[in-house]
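Data first, discussion second: the structure below is written as structure tokens.
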Amino acid sequence: MSWISLILVPAIKSLVIIVALLTGFAYLSYVERKLVARFQVRFGPNQAGPFGLLQPVADGLKAVFKEEFVPGAVDRVVYLIAPALTLIPAIIIWAVIPLSDATFTLFGQTITLYLVDVNVALLYVLAITSLGTYGIVLAGWSSNNKYSLLGALRTASQMLSYELPMAVAIISVVVLAGSISIVDIVNAQKGMWFVVLQPVGFIIYFISGLAEANRFPFDLPETENELVSGFATEYGGIKFAIFFMGEYINMITISALTTALYLGGWDGPFVDQVPLLGPGYFLLKVAFVVFVILWIRASLPRFRYDKLMQFCWKFLLPLALVNLALTAVLVILTSS
């Protein structure tokens, strides 16, 4: 294989993914503010540019040019690298998320609509998802602030706890698909999406995803009425913005994985005849899941922390295990 297919094509794909995610983060923050405003009978951003469309640009410039301030008593090295440890896992997880299995030829090179298809893609996803916890925990610990430390401890317990029902729900999907490649899982859903075969697993995965992404009603690590701003209390300017880049990109990632694992990925009408419809279907489904997440943010109150943990350990995890056991039994009975 030439250096073009080994180096240049993956580099261009990586650049496209990074630019798309950062642009998606910026305008997802705008969409969230507009949608929540409409839910609450307000206008939302409407002053920066037509319909407020330049608001993300204004917010970005404000974050970049805001004075950098590092408190004197922090662990400086850990404090400074913590935001990057939150953002980088949120981006590199997209290496194995496919928009479609369609291919096209450009300058003699076969181009796929994903960076790489590995046969252990879901293991990679779970591993990288776990790494995102470190950035938030280290940010809270290094800030030398009691509110930040409490937010970090909440993060450690919340995210590590909700990884368990999420992983068990994913295993149920793997049992049905017979593969841990995301491309194979999407292809296994042709004719019947797994949300139909796994409605309980879908709900468990979606709830756990909200908790993993620190989205309402599970935003306990940064709850402002208890912890000022939790792990991010001592951060400002671009460092503060990087944390929320990670959070919003994680929200997009959870929506994309929900689409791939349960909503048929790029499957849709006429996609077999016109394969390039696949990416459009995939992005529409992702947009729908994102809308539901924002709708939940505008509708539900925040959990109490002890109730959050009880809900995971006493309800979600046992339910996920029962769902996995039933799925395994049904797959064995139907295949024999």
If you scan region 213-226, which residues turn out to be buried (at least 23 other Cβ atoms within 10 Å of the Cβ) and either out of contact with any Gly (no Cβ under 8 Å at 6 or more places or on another chain) or not acidic (D, E) (or both)?
A213, N214, F218, L220, P221
Examine region 92-107 for a residue that is under 20 Å from V19 (Cβ atoms), in contact with a Lys or Arg (Cβ under 7 Å, 6 or more places away or on another chain) and crowded, with 16+ Cβ neighbours inside 10 Å, and state whether such a residue exists.
no
Only one of these conditions is not met by I249: (1) touching a residue at least 24 places away in the same chain (Cβ under 8 Å); (2) over 18 Å from the mean Cα position of the chain (by Cα). Which number is it?
(2)
Looking at S142 and the list (1) within 30 Å of P318 (Cα to Cα); (2) buried (at least 20 other Cβ atoms within 10 Å of the Cβ); (3) not aliphatic (A, V, I, L, M), which single condition is not satisfied?
(1)
Got a number for residues in region 1-10 being at pLDDT 75 or above and within 12 Å of V116 (Cα to Cα)?
2
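Scan region 33-50 residue by residue and report those that are charged (D, E, K, R) and either surrounded by fewer than 16 Cβ atoms within 10 Å (Cβ to Cβ) or closer than 16 Å to F244 by Cα (or both). Lay out the reasoning, then the answer.
Residues of region 33-50 charged (D, E, K, R): 33-34, 38, 42.
Answer for region 33-50, where residues must be charged (D, E, K, R) and either surrounded by fewer than 16 Cβ atoms within 10 Å (Cβ to Cβ) or closer than 16 Å to F244 by Cα (or both): R33, R38, R42.
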With respect to L53, determine if the residue is in contact (Cβ under 8 Å) with a residue 12 or more places away in the chain, out of contact with any His (no Cβ under 7 Å at 6 or more places or on another chain), farther than 21 Å from A213 by Cβ and buried (at least 17 other Cβ atoms within 10 Å of the Cβ).
no
Confirm whether W313 is touching a Ser or Thr at 6+ places or on another chain (Cβ under 8 Å), among the hydrophobic types (A, V, I, L, M, F, W, C) and either surrounded by fewer than 21 Cβ atoms within 10 Å (Cβ to Cβ) or at positive phi (or both).
yes
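When the residues of region 151-177 are narrowed to those that are of a type in the set (S, T, N, Q) and surrounded by 17 or more Cβ atoms within 10 Å (Cβ to Cβ), which ends up farthest from Q310 (Cα to Cα)? Give the derivation first.
Step one: list which residues in region 151-177 are of a type in the set (S, T, N, Q), which gives 155, 157-158, 161, 172.
This time we only want the ones that are surrounded by 17 or more Cβ atoms within 10 Å (Cβ to Cβ), so: 155, 158, 161, 172.
Numbers: T155: 15, Q158: 11, S161: 10, S172: 23 Å.
Once the filter is applied, the top-ranked residue is S172.
Being out of contact with any Leu (no Cβ under 9 Å at 6 or more places or on another chain), of a type in the set (A, V, I, L, M, F, W, C) and not in a helix (DSSP H, G or I) is the requirement here; does V274 meet it?
On the way: out of contact with any Leu (no Cβ under 9 Å at 6 or more places or on another chain): yes; of a type in the set (A, V, I, L, M, F, W, C): yes; not in a helix (DSSP H, G or I): yes.
So V274 passes the test.
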Tell me whether region 66-78 contains one or more residues that are assigned to a helix (DSSP H, G or I), modelled with pLDDT of 85 or more, more than 26 Å from the chain's Cα centre (by Cα) and of a type outside the set (S, T, N, Q).
yes
Count - residues of region 174-198 that are in contact with a Leu (Cβ under 8 Å, 6 or more places away or on another chain) and free of Cβ contacts under 8 Å to residues at least 12 places away in the same chain
0
Checking F194 against (1) under 24 Å from R215 (Cβ atoms); (2) surrounded by fewer than 16 Cβ atoms within 10 Å (Cβ to Cβ); (3) in contact with a Ser or Thr (Cβ under 9 Å, 6 or more places away or on another chain); (4) modelled with pLDDT of 85 or more, which test does it fail?
(2)
What is the one condition in (1) hydrophobic (A, V, I, L, M, F, W, C); (2) at pLDDT below 90; (3) closer than 22 Å to D117 by Cβ that L227 does not satisfy?
(3)
For residues that are of a type in the set (D, E, K, R) and buried (at least 18 other Cβ atoms within 10 Å of the Cβ), scanning just region 256-296, find the one that is modelled with the lowest pLDDT.
D267
If you go through region 297-310, how many residues are surrounded by 14 or more Cβ atoms within 10 Å (Cβ to Cβ), part of a helix (DSSP H, G or I) and basic (K, R)?
1
Give the residues of region 90-132 that are farther than 14 Å from S14 by Cα, part of a helix (DSSP H, G or I) and not small (G, A, S), sorted by residue number.
L122, L123, Y124, V125, L126, I128, T129, L131
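The values are calculated or read from the model by the stated rules, or taken from the named source; none is laboratory data. Just so you know, these numbers come straight off a predicted model, no measurement behind them. Positions of Cβ are backbone-derived with ideal geometry, glycine not excepted, and every protein chain shown enters the neighbour counts.
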